[in-house]
Amino acid sequence: MKILLMGCGNIGKYIYNALSQRHEVAVADKAGGCPSTIARDALEVPLGGYDLVINALPGNIAYKASRRALEAGVDVVDVSFFPEDPFELDEVTKKSGARYIPDAGIAPGLSNVLAGRLVAELGKVDELGIYVGGIPERPVGPLGYSITWSPLDLIEEYTRPARVRRSGELASVDPLSGVELVPSPLGMLEAFYTDGLRTLLKTLDVPNMYEKTLRWPGHIEKIKLLRDLGFMSEEGDPPPRLVTANLLSRLKFDVPDVVYMKVVGSGGQKKVQYEVTVRPRAGWTAMQVATGSVAIGMLYVIKDLDPGVTPPEYIGMSNRLFPRLLAAVRQHGVEIVQEIVERRVL
């Protein structure tokens with residue numbers, strides 16, 4: 001397969017390394033961070049002759065890059081997290097005959113896949129919760145955190161209003177609110193609302209639904225102070241968030257990271273829970289493995305999809321595609337465990 005990888009940052013490097021051993025992979029990357037870089041500008045690179053585009057660009061340019069590829073009739077697996085609605089690309093994608101899988105990372109991404117699977121298994125789901133975090137295996141540094149992905153996208157996670165569903169109604173809440181303590185294999189973690197439901201808000205008929213990000217206790221209080229003081233604002237020259245992003249990029253510590261996710265759904269007398277744990281592997285961080293493996297796994301299902309936008313939850317609902325994706329992701333060391341609990345009514 002001839003693949004164009006757009007973006008070769010932390011996640012792109014892992015994808016390139018894994019795919020270039022079996023496929024012909026060219027790279028469009030501003031920094032030239034991978035071998036086989038053919039262009040600096042992903043919005044100008046020629047698209048002819050490619051079977052697939054993997055978009056691993058920062059969110060501020062990712063939407064334009066995906067749209068351009070889809071208009072050219074090239075299938076796209078998109079790892080990026082942009083603010084636009086992915087379904088806006090459905091018409092252009094169907095017109096060109098291309099297939100598009102948005103949000104193909106760990107969360108959103110694998111979280112959506114497992115959410116779709118829960119709905120397929122339970123039939124009717126009353127409440128769905130997603131808890132996910134990429135954190136150092138122990139608290140480290142001033143924020144108890146070591147950065148493993150784009151600092152600008154991280155700031156966006158802390159500032160973009162979080163959409164949730166409550167009693168069937170869409171609500172928008174402060175992204176650093178709803179704080180609760182959550183037990184995990186690492187110990188007790190802090191959880192807070194983030195805007196990660198995205199396509200799930202349109203595709204799943206679940207009256208109560210939310211996503212929360214996990215961090216070590218004490219992190220949220222410090223981040224909220226930085227945000228409320230204006231250090232994550234887009235206003236100014238230069239915008240304070242650019243300065244903050246530069247400072248956050250320096251929060252890299254020699255401590256292994258861990259990605260932990262819990263997707264919980266309840267309906268009727270049953271509660272189903274999927275737990276995902278990813279640790280560093282062969283010199284790659286847990287975040288690189290977790291996110292990159294999902295994007296790579298999508299290569300095993302995308303050619304069986306119809307033209308148009310297919311959010312990951314639809315793959316989770318498919319009895320044919322779900323096992324194929326799960327097997328591909330597990331090959332990269334991603335541990336996924338299911339637990340089913342029968343709830344008794346007294």
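Observations on the model:
- Counted residues, the range 303-323 - those being exposed (fewer than 15 other Cβ atoms within 10 Å of the Cβ) and part of a helix (DSSP H, G or I): 3
- Top-ranked residue of the range 95-109 - restricted to ones that are among the charged types (D, E, K, R) and either outside any helix (DSSP H, G or I) or open to solvent by less than 10 Å² (accessible area, probe 1.4 Å) (or both), ranked as nearest to residue 130 (Cα to Cα): 103
Listed here are the residues, each with its yes/no results for (1) at pLDDT 95 or above; (2) assigned to a helix (DSSP H, G or I).
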position	(1), (2)
237	no, no
245	no, yes
252	no, no
261	yes, no
272	no, no
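- Residue 184 vs. criteria more than 30 Å from residue 230 (Cβ to Cβ), in contact with a Phe, Trp or Tyr (Cβ under 6 Å, 6 or more places away or on another chain), in contact (Cβ under 8 Å) with a residue 40 or more places away in the chain and open to solvent by 10 Å² or more (accessible area, probe 1.4 Å): yes
- Qualifying residue in the range 69-84 (condition: surrounded by 19 or more Cβ atoms within 10 Å (Cβ to Cβ), under 22 Å from the mean Cα position of the chain (by Cα), farther than 29 Å from residue 303 by Cα and among the aromatic types (Phe, Trp, Tyr)): no
- Among residues of the range 249-274 that are closer than 13 Å to residue 338 by Cβ, those with a Cβ under 7 angstrom from a residue that is at pLDDT below 90 and of a type in the set (D, E, K, R), sequence gap 6+ or separate chain, pair up as 270/342; 270/343; 271/343; 273/339.
- Which numbered condition residue 193 fails, given (1) surrounded by fewer than 21 Cβ atoms within 10 Å (Cβ to Cβ); (2) more than 21 Å from residue 61 (Cβ to Cβ); (3) in contact with a Ser or Thr (Cβ under 7 Å, 6 or more places away or on another chain): (1)
- The combined condition, being over 20 Å from the mean Cα position of the chain (by Cα), more than 24 Å from residue 289 (Cβ to Cβ) and open to solvent by 60 Å² or more (accessible area, probe 1.4 Å), is fulfilled by residue 44.
- Residue within the range 126-137 that is on the phi > 0 side of the Ramachandran plot and in a loop (DSSP other than H, G, I, E, B) present: no
- Residue check, residue 117 surrounded by fewer than 21 Cβ atoms within 10 Å (Cβ to Cβ), in contact (Cβ under 8 Å) with a residue 24 or more places away in the chain and outside any loop (DSSP other than H, G, I, E, B): no
The values are calculated or read from the model by the stated rules, or taken from the named source; none is laboratory data. Note that the structure is predicted; figures quoted are calculated from it, not measured. So basically every Cβ, Gly included, is an ideal-geometry build from the backbone, and we count neighbours across all protein chains shown. These area figures cover heavy atoms from the full protein model, side chains too; ligands, DNA and RNA do not enter into them. Shrake-Rupley method; radii C 1.70, N 1.55, O 1.52, S 1.80 Å.
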